[in-house]
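Beneath this line is the structure, given in structure tokens, with notes to follow.
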Amino acid sequence: MGHRLTKIYTRTGDAGTTGLGDGRRVDKDAPRVAAYGDLDELNSQLGLVLAQAGVPEEPARCLREIQQLLFDLGGDLCIPGRHSLTEAQLEWLERWLDHFNAQLPPLAEFLLPGGGPAAASCHVARAVCRRAERTLTALAKVEAVPPLALAFVNRLSDFLFVVARVLAQASGEHDTLWQPGRPEAPMPR
């Protein structure tokens, strides 16, 4: 296995730059760094979902595998030109998405995030995933990104929406539907 982290701080980033995997130094707010930073935040958010009580084993196994794939994708972004995601992994994600979605009642309205701690955490992960997708899209306008990166992250946000519903259902919660034009809540007396 590659490099081991024996020393956590190096002081090389104190001036606002960081090193890419190919040895180049770039600003810490460079689009590439922002993109893999958003993926890191998403991965951390998935860890928070998994830390919640009551996450069923099947979605938990999928989320742990997705964490591995997100780390791979972050590595791809850190090492320009590296491409580790495969069509088979994208298909794997789509099959699990279809599997979980088949267990749910169809939706006719938008949902409000919620549904218990695990489901709410998964909705936050979905929102972070959408941000990561926007950041990757911006990066793709100025630099090459791995070929399947955008498709994977786009599909992942859909997957997280469905898994949030599965987690709400597993905790005994129900979907909270958005009610457009709902009147204001009554005033306190």
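Some notes on this structure:
- Residues being open to solvent by less than 80 Å² (accessible area, probe 1.4 Å) and touching a helix residue (DSSP H, G or I) at 6+ places or on another chain (Cβ under 7 Å) - total across the range 172-189: 1
- Residue in the range 53-63 that is within 23 Å of residue 141 (Cβ to Cβ), touching a residue at least 12 places away in the same chain (Cβ under 8 Å) and among the hydrophobic types (A, V, I, L, M, F, W, C) present: no
- Taking the numbered list (1) among the hydrophobic types (A, V, I, L, M, F, W, C); (2) assigned to a loop (DSSP other than H, G, I, E, B); (3) open to solvent by less than 40 Å² (accessible area, probe 1.4 Å) in turn, residue 53 passes all entries but (3).
- The one condition in (1) touching a His at 6+ places or on another chain (Cβ under 6 Å); (2) farther than 27 Å from residue 57 by Cα that residue 164 fails to fulfil: (2)
- Among (1) at pLDDT below 95; (2) within 20 Å of residue 121 (Cβ to Cβ) - the single one residue 62 does not satisfy: (1)
- Some residue of the range 138-155 being modelled with pLDDT of 95 or more and of a type in the set (Phe, Trp, Tyr): yes
- Hits in the range 72-105 (condition: in contact with a Lys or Arg (Cβ under 6 Å, 6 or more places away or on another chain) and more than 15 Å from residue 148 (Cα to Cα)): 104
- Flag for residue 92 being in contact with a Cys (Cβ under 6 Å, 6 or more places away or on another chain) and at negative phi: no
The values are calculated or read from the model by the stated rules, or taken from the named source; none is laboratory data. The structure presented is a predicted model; accordingly, all values stated were derived computationally and were not measured. Cβ: placed from backbone, ideal geometry, glycine included. Neighbour counts: every protein chain shown. The area values use the complete protein model at the heavy-atom level, side chains included, leaving out ligands, DNA and RNA. Shrake-Rupley method; radii C 1.70, N 1.55, O 1.52, S 1.80 Å.
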